[in-house]
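What follows is one structure encoded as structure tokens, with my remarks underneath.
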Amino acid sequence: MNMIRGMVTALACVLFLALFVSNSRATRVPGLSHAEDADDPWSASQTVQPADLVKELAAPAHPDQAAVVCVGFRPLFQGAHIPHAVFHGAASTDQGLAELKTWAKTIPKATNVVLYCGCCPLAHCPNLRPAFVAMRDMGFTNLRVLILPNDFHTDWIQMGYPVEKGK
């Protein structure tokens, strides 16, 4: 009898563990390992995949259309960026973060804002996290991060998505 109880307890533990693991995988951001997304200040619902953003931006212009903000480094932005994206400095620098905040003060807090960088693998990006935290702390309610797991070149340009150059 004790052996049967032990087997039932072990089976219950295995089922619980399987349920826990499958639920934790469901909340992860696609393209990122659990270790990479564990410390991100955004949730999975505050992200957008490149193909989905391309579709959004291709739709006819409307008041809720995303304001796309490159928070990376100027040479990368000038080399190629998402069409109609704006640049206000690298968010990893005090000056860039201040410029982003100054711009953000001029737009409504409900604006649909998509932040992106793409300077390096997302797990190591020095720009996205401070930009997201700053805008979130300013009260922006429709704030998302573009998921570029590798970099802008690999995950956007090589995929054939539209770009602008210069500015």
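Computed from the coordinates by the stated procedures, all read-outs in this text should not be read as laboratory data. Just so you know, these numbers come straight off a predicted model, no measurement behind them. Glycine gets a Cβ as well: all are built from the backbone with ideal geometry, and neighbour counts include every protein chain shown.
Odds and ends about this structure:
- Residue in segment 153-164 that is within 21 Å of E56 (Cβ to Cβ), of a type in the set (D, E) and out of contact with any strand residue (DSSP E or B) (no Cβ under 8 Å at 6 or more places or on another chain) present: yes
- Boolean, Q78 is touching a residue at least 60 places away in the same chain (Cβ under 8 Å), more than 17 Å from P50 (Cα to Cα) and among the polar types (S, T, N, Q): yes
- Pairs meeting the criteria (first residue in segment 46-71 and touching a residue at least 24 places away in the same chain (Cβ under 8 Å), second residue small (G, A, S) and outside any helix (DSSP H, G or I), beta carbons under 6 Å, at least 6 apart or on different chains) are V68/A85; C70/A85; V71/A91.
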